[in-house]
Amino acid sequence: MSRSLLPFLYQTRTLQRACRRPASFLFKQNAGMATYANAPRKIDNSIPFEFDDEDTEDIKGVDPDADAHIEPEGTLTPMESEIFKRIFDDISHARLPQNKKSGRPQEAEPTQTSTTANLERQRLGDTLVEKARGSDASDDFLKRYPLSLRKAAQHALGKFESAPKRPKLHNLAELDKAEKAQMREWAKYEDLRGKERERVMNLMKKCTSDVELWDLMEKEVFSLPVELGIVEIPKTEKRGRKPKNAPAKKEKKATTKEEKPIMDVHGYLYSDFLTYGLTRLDSAFPKPSLLAFNILPRIKELGLSSYVLGVSSPLFIKVAQIHWERYGDAVSACEALDEMKPLGIFPTETEKINEVEKLVKDIEDNLHSCTWGAQGPFVMAMMQAGPYDVTLTARLGRLKGIIAKKHFYNERDALNLAQDEEVKAQHLEAAR
């Protein structure tokens with residue numbers, strides 16, 4: 001007999017069983033809800049991810065409960081969803097998980113109270129950005145992520161722009177082989193330069209007169225631009241008709257030395273030979289030779305290529321010193337120093353700058369003493385006329401400004417170099 005007074009109605013347990021959902025449907029719903037958040041997903045635009053077509057339907061912000069009865073294709077398990085979410089967070093926040101165990105939550109980002117070891121480890125490339133941009137990172141590093149995130153990581157992290165792929169081993173071997181060959185060639189040229197410099201300078205030392213030294217320079221030094229092929233020799237041909245019975249002229253054979261001059265050897269030594277020859281003409285003989293003033297015009301006579309290859313700051317400084325110390329010609333000395341400025345060869349070495357500064361100061365002191373009558377009223381009157389008037393004083397002031405600027409640049413460069421070395425030492429100490 002029924003326990004209820006209304007046997008025609010359904011029992012309460014029957015109604016509960018009818019309202020209860022099947023276990024399989026409930027399992028599918030729970031598995032699908034694991035991939036969704038209760039609140040609508042907010043798209044993070046910090047990294048321009050390119051989502052696939054099947055992913056765009058899940059991030060439109062549609063209520064998941066409304067489509068709970070539809071079984072999604074390729075539903076992830078809760079564990080797979082957790083792994084995917086962790087990888088997504090790593091990419092979007094540009095960091096690697098500090099603990100790979102899934103059971104422990106991720107540690108918070110280092111704060112100001114972090115230890116020095118943690119900060120140094122972060123600085124040495126423990127972040128995803130540094131690893132992706134590092135030269136040791138390979139394509140396998142990005143293959144662990146899905147295709148859409150892999151493209152986004154390549155685009156956002158700039159891996160291929162800031163750290164291009166390393167060359168292959170056979171390319172490195174070829175580059176190393178070419179570099180070694182170039183080093184061997186440079187060593188060979190350096191050896192040849194040393195031998196040629198010693199040979200020519202020994203010949204100059206053996207000269208007993210300035211004329212003999214000049215003839216030797218014409219043969220060994222001033223002939224180099226022509227032999228190196230940097231001087232164009234105009235060809236003069238006689239115009240007119242040849243007589244029929246005129247004998248054919250024999251072509252003159254070009255006289256060449258045993259070894260043809262090499263630009264990397266003799267071109268490098270051309271300026272050194274000119275400076276050394278100028279010094280020998282000035283001080284190697286009992287009386288300074290006036291032929292020292294012919295060297296600079298002879299260089300210009302050989303053409304622009306000879307002038308560019310031969311002139312140097314030691315040559316101009318020596319010419320200026322000869323003009324002032326030997327003959328007291330301040331105007332010619334300043335002209336020689338001024339000629340370096342437009343050529344861009346004003347000395348930058350501290351030793352050479354000190355030589356120029358000493359010369360300019362000596363000229364200025366003598367000019368000042370003569371202006372105020374130290375050598376008599378006649379010389380004092382001469383200082384009021386050109387070229388010893390304000391023109392020379394202005395030229396000396398301009399040279400002093402250039403020298404002060406060079407000193408400033410040298411001090412600044414030395415300070416920057418010292419700071420760079422200090423920062424480098426600090427980084428090395430921190431890396432240890």
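The values are calculated or read from the model by the stated rules, or taken from the named source; none is laboratory data. This is a predicted model, so every value here is computed, not measured. Reconstructed Cβ throughout: ideal geometry from the backbone, glycine too, with neighbour counts over all protein chains shown.
Select from region 317-327 the residues that are out of contact with any Phe, Trp or Tyr (no Cβ under 9 Å at 6 or more places or on another chain) and either surrounded by 15 or more Cβ atoms within 10 Å (Cβ to Cβ) or free of Cβ contacts under 8 Å to residues at least 24 places away in the same chain (or both) and list them in ascending order. Listed by number, the residues that qualify are Ile317, Lys318, Ala320, Gln321, Trp324, Glu325, Tyr327. Taking the condition among the acidic types (Asp, Glu) and out of contact with any helix residue (DSSP H, G or I) (no Cβ under 7 Å at 6 or more places or on another chain), does Glu339 pass? Taking the combined requirement at face value, the residue does not satisfy it.
Kindly evaluate Pro288 against the criterion of being in contact with a Ser or Thr (Cβ under 7 Å, 6 or more places away or on another chain), touching a residue at least 12 places away in the same chain (Cβ under 8 Å) and either closer than 30 Å to Gly229 by Cβ or surrounded by 13 or more Cβ atoms within 10 Å (Cβ to Cβ) (or both). Judged against the criteria, Pro288 is not a match. Tallying residues that are of a type outside the set (Ser, Thr, Tyr), over 35 Å from the mean Cα position of the chain (by Cα) and surrounded by fewer than 20 Cβ atoms within 10 Å (Cβ to Cβ) within region 256-279 yields 4. For Met340, the stated conditions do not hold, so it cannot be described as modelled with pLDDT under 85 and crowded, with 16+ Cβ neighbours inside 10 Å. Note on region 192-212: residues that are closer than 12 Å to Phe273 by Cα and of a type in the set (A, V, I, L, M) total 4. Scan region 185-234 residue by residue and report those that are in contact with a Phe, Trp or Tyr (Cβ under 9 Å, 6 or more places away or on another chain), basic (Lys, Arg) and either at pLDDT 90 or above or not in a helix (DSSP H, G or I) (or both). The one that is in contact with a Phe, Trp or Tyr (Cβ under 9 Å, 6 or more places away or on another chain), basic (Lys, Arg) and either at pLDDT 90 or above or not in a helix (DSSP H, G or I) (or both): Arg197. Applying the set (1) surrounded by fewer than 19 Cβ atoms within 10 Å (Cβ to Cβ); (2) farther than 18 Å from Trp214 by Cα; (3) in contact (Cβ under 8 Å) with a residue 12 or more places away in the chain to Leu309 leaves exactly one unmet item: (1). Can we say Asn294 is assigned by TED's automatic domain parsing to the domain that holds Val226, among the polar types (S, T, N, Q) and farther than 18 Å from Thr275 by Cβ? Criteria not met by Asn294. The requirement of being without any contact (Cβ under 8 Å) to a residue 40 or more places away in the chain and closer than 23 Å to Ile230 by Cβ is not satisfied by Ile363. When each of Gly328, Gly310, Gly303 is tested for being touching a Ser or Thr at 6+ places or on another chain (Cβ under 6 Å) and assigned by TED's automatic domain parsing to the domain that holds Ser223, the lone residue that passes is Gly310.
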